[in-house]
Amino acid sequence: MTETGLFFIHALSPLHAGTGQGIGAIDLPIAREKATGIPYLPGSSLKGVLRDRARGKGWDADTLAAVFGPETEGAAEHAGAVQVGDAKLLLLPVRSVYGVFAHVTSPYLLERFRREALLAGLTPPEAVATPERESVGVAPGSKLVDAKLNGVYLEDLDLKPREDPALGVWEEWLAALTEAPVRGRLAVVHDDLMAFLLETATEVVARIRLDDETKTVAQGALWYEESLPAESVLYSLVRAENSHRKQKPLSAGEVLSLFNGLLDGALQLGGKATVGRGLCRVRAGR
């Protein structure tokens with residue numbers, strides 16, 4: 001017997017889920033899917049952080065091992081009862097002349113999210129139509145639209161708004177599930193334009209290390225690192241099964257319930273925690 005769930009990650013500060021090294025102008029890029037170039041947060045990172053939270057909440061050793069698996073030295077004993085998928089990007093915050101910022105997504109991102117939400121037993125709204133490359137889908141009454149010029153301005157892009165009542169349904173549904181500021185800010189662009197924004201609208205900052213004596217930049221201590229901007233929204237699919245630990249028999253439903261109990265509140269995800277990166281709010285999809 002298995003149970004499937006889904007949870008959301010709302011970045012409250014820039015989120016750096018890095019690859020450790022870069023080969024281009026950015027020294028520390030974020031992790032991206034090989035085929036699509038879409039940023040993601042590895043499931044192994046999520047599982048490790050949530051295991052630490054469970055330990056901090058006072059879970060006993062048998063429950064911890066049953067849900068997440070034994071410690072490394074006992075890994076051959078049995079598998080954990082929960083599998084945590086990679087957190088995939090759903091909404092990318094992009095600067096907007098109106099409405100402060102837009103939560104930008106695309107038909108492909110919404111469609112693959114629908115696929116996984118349905119697996120988790122949720123009932124997401126219907127798929128949306130693909131906008132033309134020079135236009136953007138918005139909900140009626142969107143904060144992003146310049147009413148006088150009938151335009152939406154994202155970064156340096158000038159797009160024509162196309163109102164779609166279906167996006168109003170998506171805004172309300174996502175706002176209720178994630179508690180992110182989606183209402184009035186949802187923008188659906190063509191998949192090709194989304195690929196462009198995923199390359200150009202992430203946050204890239206220069207970091208330096210000062211020499212303690214001279215208080216100038218130390219030799220070779222200038223680097224550039226990339227992050228997903230604050231207000232990004234991601235989601236992860238979770239699969240639970242019956243416990244494999246004889247000392248702690250748990251049903252798949254009990255495992256998922258225990259796991260979901262870890263998903264309320266703030267977590268630090270990714271790297272660069274000491275400089276304020278990766279403060280996120282997690283919430284189980286219900």
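Read-outs throughout are calculated quantities, based only on the coordinates presented, and are distinct from any laboratory measurement. Everything quoted here is computed from the prediction, not taken from an experiment. Heads up, the Cβs are rebuilt from the backbone with ideal geometry, glycines too, and the neighbour counts pull from every protein chain shown.
Ignoring lysines fewer than eight residues from Lys272 along the same chain, the ones with Cα atoms less than 29 angstrom from its Cα are Lys34, Lys47, Lys57, Lys88, Lys215. The dipole here belongs to segment 143-186: it is taken about the Cα centre, uses +1 on the Cβ of Lys and Arg and -1 on the Cβ of Asp and Glu, and is about 140 debye. For the chain, the orientation-averaged shadow of the C-alpha convex hull comes to 18.0 nm² (one quarter of the hull surface).
Rounded to the nearest 20 debye, the dipole size of segment 1-115 about its Cα centre is 580 debye, using +1 on the Cβ of Lys and Arg and -1 on the Cβ of Asp and Glu. Straight-line cross-link reach from Lys248 at under 15 Å between alpha-carbon atoms covers these aspartates and glutamates, not counting any fewer than eight positions away in the same chain: Asp60, Asp62, Glu77. Placing unit charges on the Cβ atoms of the charged side chains and taking the dipole of the chain about its Cα centre, the candidate lying farthest along the positive direction among Pro124, Val205, Gly74 is Gly74.
Each residue of segment 112-118 is assigned a 3J(HN,Hα), and the resulting list reads 6, 5, 4, 4, 7, 5, 5 Hz, derived from the Karplus form 6.51 cos²θ - 1.76 cosθ + 1.60 (θ = phi - 60°), x at Gly and Pro.
For segment 124-207, the square roots of the Cα gyration tensor eigenvalues, ordered a ≥ b ≥ c, give a/c of at least 1.5 with a/b no greater than b/c, which places it in the oblate category.
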